[in-house]
Every structure is written in C-alpha cells, then in structure tokens.
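Input: a single structure, listed below in structure tokens.
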Amino acid sequence: MTDTAWIDLALVSARPQAMGALLRYFRNLDLAEEAFQEACIRALKTWPKNGPPRDAAAWLIFVGRNSGIDKVRRQSRETALPPEELLSDLDDRESELADRLDGAHYRDDILRLLFVCSNPVLPATQQIALALRIVSGLSVKQIARAFLVSEAAMEQRITRAKGRVAAAGIPFETPDASDRAERLAAVATMIYLVFNEGYSAMNGPEGVSADLCDEAIRLVRLLLRLFPAEPEIMGLTALLLLQHSRARARFDSHGAIVLLEDQDRQLWRRPMITEALAMIDKAMRHRRPGPYQIQAAIAALHARADRPELTDWEEIDLLYQALERLQPSPVVTLNRAVAVSKRNGPEAALSLVEPLADRLSGYFYFHGLRGGLLKQMGRVREARVAFDRAIALATNAAEAAYIRKQLDHLAGEAGAADLHEDQQ
Amino acid sequence: MLYAVLCYNSEDVTSAWTKEEDDKVMRDLTAVQRRYVEAGKLGPVARLLPTTAATTLRHSPGETVVIDGPFAETKEQLLGFYLIDCTSLDEALDFARELSAANPAAGSYEIRPLSLYKPGELAP
C-alpha cells in the first residue's frame, strides 16, 4: 500500500457518514459536497504528517462543517443573506463531537443521504448516477465511463437529478418507524439498480461494470450494518453476493455469454456464496419472507448444485410461485417458465410463456426463451422468428451474439427439421 | 502455554480487496502459518465471515434474547470461543442457549459463520 492509499480508503469508508451529517447541517447537497471536499483536501495535507485521526468520519464532519460555515458566512456578506437561516442547529458547536458519535443519529443521517439518491421522483438512471456521485464519491468521469456517455452529459444528468431532489424537498425531520421502512425500501431498490447496471453491462468497458457491482455490495453491507435486523436487507445482500459470485463464469474469453447451466462452477467465488448462504439462514429466522429473500433463495439453489443436473428445479418453481403471489409480474412468470421447462418439459413452459406475449413483446428475454422452447420442441421456423425478434431487441453485443449462435445452430438443423415439418 | 491470537482489522478495508489481493494476503499468511504447523505448534486457524453475518445471543438471569448483528457492548470482554459444526443457525443458537443456561454469569455469545477453517496440528 502506498503512503496515501490508506487515506483514500479511509476517506471512502467515512464518506457516507460524513456526507450524511454535513447534509443534515447544511440542508443542501452542493454545500455538503463542497464542505466534504474541503475536509478531504485538509485530510490529505495533515493526515500523512499527523497520522490518521481516531475517528475519521468525526474529523471530516468537524473540519467540513467549519469550512462550510465559513463559506456560507463569506457568501452571505457578499449577497447580504442572513446566514443563520441557511444553517441549522449551529448552536453548541463545542459539544458536536459527542453528538456525532451517537449511533442512532448517524444511522438516520446515512439513511437520509441514501434516500435522497433513491427518491422515486428520479428516474432509475438518475438515481444510480446520483448515488455513485454523492454516496460513493466516484468522479463524474468514472460514472460517465460506466454509462458510456460523455462527461458533460453525465454532469448534466447529475445536476438535473440534484435539482429534482431539491425541488422535491429533502426530508430532515427524524423519521418514524413507517417513514424509516419506506426509505429503507426505496434505498434497497436503488442499490439493486446500481448492481443491475453493473451486472447487465458486465461485458462493457473492462472493470468498470464490476466496480458498480462491488460498490452496490459495499452499500448494501453498509445498510445492513445500520439495520441489522431487517430480513429483506439480509436477502438483498445475499442476492447480490450470489449473483456477483458468478461474475467470472458468465462470459467466455471472447466476451460471449455463458448460460448458467454451461458455466464452469469452479469459477464461482465460494466465499461470497458461503456468506450469502449464512445471510439467508439469518433472514429465514425472522419468518417474514419478501421478494429479495425469495430471489436470494432461488439463486442459492443454483449455488448449492455442484452440477447443473443436481439443481432442485421443483423447489425453484415453488419459490417463483411464491414470488408471483408476493409481487405479480410477467417477468417473474417468465423466469418460472424456465424452471417449469426443466421440470415438465418445453410444452408446459411454453403454455406459461405464450399468454405473456402482450406485456413482454418488447423484452429480449421473452423472445429468447420462447425461441429456445420452440427449438427444443422442433418447431424450427417459429423458433427462428422468435430469435429474430430477440436479436432486434438485444441491448448489448453479448446478447446479440448469443442469439446469433442459436440461429446458426438452427440453420444447421434446419434442413432435416424443415423436411420433418413439411411431412406433417 | 497455549495462546489464542485474535485478529482485528477494518472490515471496510478487507471486504474491498479484490480477489487477487485477497488471495495474495491469504498466501502470505499461509506461508507464515506453515512454519508453525511444521513445528507442531499451530492449532486451528479460522477466518470469520463479516460481522453482517453475525447473530448474538444475550443472556441475563431469566432472559435470553437473540439479536441480529455482532456483539457490540464494551462492558464485557472476550473470554473464550468454540467451534461447532451445525447444519443451521438455529442449531448453533441452541448450542449457545445450552451454554448460557449452564453459565451463571450474564453475557453474550456471538455466532459468526466461518469462511475458512484449517484444523492445524498441535504436538501433544
């Protein structure tokens, strides 16, 4: 580790707590960010000489708050705004260090900070960008790279998101139990979005997308430390760990998709799986099932099978049925169809899939799965039509390449199968 | 005299290691351990999963409570530990309950799954 690497790590891990407290003081995202930035600059100057402070977050909050106050006072002299109206609870500045070490207080600070980025008024892409900027502290350049857009465009997206959040009003009152539950659910969704962004772009620019998955896991662990008794947060942690454990097996050396059943299970990261299984075990004790727990349980059944043919498809089917009851959605039914095809064959699965056509006609996986089932049943022409639809809807090169492979495979069989169909 | 050596570190830091970094640390630690294993001096080595995976059983006279999360009080000190092979967290909790019932002092048992276990070999 280089001389300053430990400082970077300390700044990154103290960031949510420090930013959360600074947001509470200044009630303004930009002011809080500037104050935190200023504190980081001072940390980089003084920490190498004086060594790390005992509590990095408390140090950053103290220094950031003072520099922010100075700035507001200076600005107010220039613009003649009464500073005290911009600042909240600035009284007892002496006793503030003690206040910040109060666990419950900083828990709500961090939750507020995360919630600001998860505000349902923001579209998903803005939630992700804002969280990566504000909570994780990634640079605009890094985030722009992850989204494959220009830095200017990303800057604009983040500015817009901040404007919307400010217009919607940041909730500063201490949340009651139901507010807290609502915020927690919104934050969990945002973390899942961050993960999915990384997961679905896994074959994008080297490393960037995996970083988003790691970042989502870091955030969900943070959330779990703040709310250790929430089974759905345990479920989400387990789900993300299980999905990420397969990261190295999901693509071959040419970047082509490797389906779950064809993956080299030796490449799955065992420690993540072990942790996830322990987390599911913990969550189950609460007997309060939820969508994340069920999805994690499904992923766990795949993780537990050393070989694909040992997969417990019956249990997976049952879990998807439970998920359908809890959170009815055509995508869940589509996923269940995969389990049904393994249990009861492609005909049974297809009868589950066909009624979804209206709602999923614009969905890559719908046509991909339908094509696969038709292919298994030897209905080659229909399979080709379905695969053609899928290829048109593919969102990245790996998806398109996978379908093309299916089409090539069909073309190989086509002669014989066409003949067979013609004879019927 | 047998000594227990307890490892403390920032989870934020160790969980942020990449697989390559983590593998290297484990290799380097294993190299240290090997010499002591060969000398018959090293017993079990265990690596624990993060504290987010922990569950704590608190007991005071007449009352036992299960709490999600690690042991967090500072009034009590670490006095010992057990390794037990269980099929579920519930089974491990039952074991902790039995221990707490047999122990007249109030206290806590943190139950933390392992991510790595090497039995080691102590010379008699």
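The values are calculated or read from the model by the stated rules, or taken from the named source; none is laboratory data. If you're wondering where the values come from, they're calculated on a predicted model, not measured in any experiment. Note that we place each Cβ from the backbone using ideal geometry, even for glycine, and neighbour counts take in every protein chain shown.
Just a few scattered comments:
- Residue in segment A:246-254 that is within 11 Å of chain B (Cβ to nearest Cβ) and either surrounded by fewer than 15 Cβ atoms within 10 Å (Cβ to Cβ) or of a type in the set (Asp, Glu) (or both) present: no
- Options A:GLU206, A:GLU182, A:GLU232: the member that is more than 10 Å from chain B (Cβ to nearest Cβ), modelled with pLDDT of 95 or more, surrounded by fewer than 24 Cβ atoms within 10 Å (Cβ to Cβ) and out of contact with any Ser or Thr (no Cβ under 8 Å at 6 or more places or on another chain): A:GLU232
- Residue match in segment B:41-50 (condition: within 12 Å of chain A (Cβ to nearest Cβ) and free of Cβ contacts under 8 Å to residues at least 60 places away in the same chain): yes
- Checked across segment B:77-84, the condition of being surrounded by fewer than 13 Cβ atoms within 10 Å (Cβ to Cβ), out of contact with any Asp or Glu (no Cβ under 7 Å at 6 or more places or on another chain), within 13 Å of chain A (Cβ to nearest Cβ) and of a type in the set (Val, Ile, Thr) holds for no residue.
- All told, B:GLU98 falls short of being out of contact with any Pro (no Cβ under 7 Å at 6 or more places or on another chain) and at pLDDT below 90.
- Complete set of residues in segment B:12-31 that are within 20 Å of the chain's Cα centre (by Cα) and farther than 22 Å from A:ALA210 by Cα: B:MET26, B:LEU29, B:THR30
- A:LEU101 vs. criteria aliphatic (A, V, I, L, M) and modelled with pLDDT of 80 or more: no
- Restricting attention to segment A:38-57, the residues that are under 28 Å from the mean Cα position of the chain (by Cα) and modelled with pLDDT under 95 total 2.
- Selected residue (only one of A:LEU318, A:LEU277, A:LEU350 is out of contact with any strand residue (DSSP E or B) (no Cβ under 7 Å at 6 or more places or on another chain), assigned to a helix (DSSP H, G or I) and over 30 Å from B:SER88 (Cα atoms)): A:LEU350
- Number of residues in segment A:353-403 that are farther than 28 Å from A:PHE251 by Cβ and touching a strand residue (DSSP E or B) at 6+ places or on another chain (Cβ under 9 Å): the value is 0.
- Only one of A:GLY163, A:GLY169, A:GLY137 that is without any contact (Cβ under 8 Å) to a residue 40 or more places away in the chain and at positive phi: A:GLY169
- Residues located in segment A:258-274, provided they are among the hydrophobic types (A, V, I, L, M, F, W, C), part of a helix (DSSP H, G or I) and out of contact with any Lys or Arg (no Cβ under 7 Å at 6 or more places or on another chain): A:LEU260, A:MET272, A:ILE273
- Residue in segment B:30-41 that is on the phi > 0 side of the Ramachandran plot and not in a helix (DSSP H, G or I) present: yes
- Among the residues of segment A:148-163, those that are charged (D, E, K, R) and either surrounded by 15 or more Cβ atoms within 10 Å (Cβ to Cβ) or in the same structural domain as A:LEU29 (by TED's automatic domain parsing) (or both) comprise A:GLU155, A:ARG157, A:ARG160, A:LYS162.
- B:SER88 touching an Asp or Glu at 6+ places or on another chain (Cβ under 9 Å), within 11 Å of chain A (Cβ to nearest Cβ) and exposed (fewer than 15 other Cβ atoms within 10 Å of the Cβ): yes
- Annotation: B:ALA54 fulfils all but one of (1) among the aliphatic types (A, V, I, L, M); (2) within 14 Å of chain A (Cβ to nearest Cβ); (3) exposed (fewer than 13 other Cβ atoms within 10 Å of the Cβ); the unmet one is (3).
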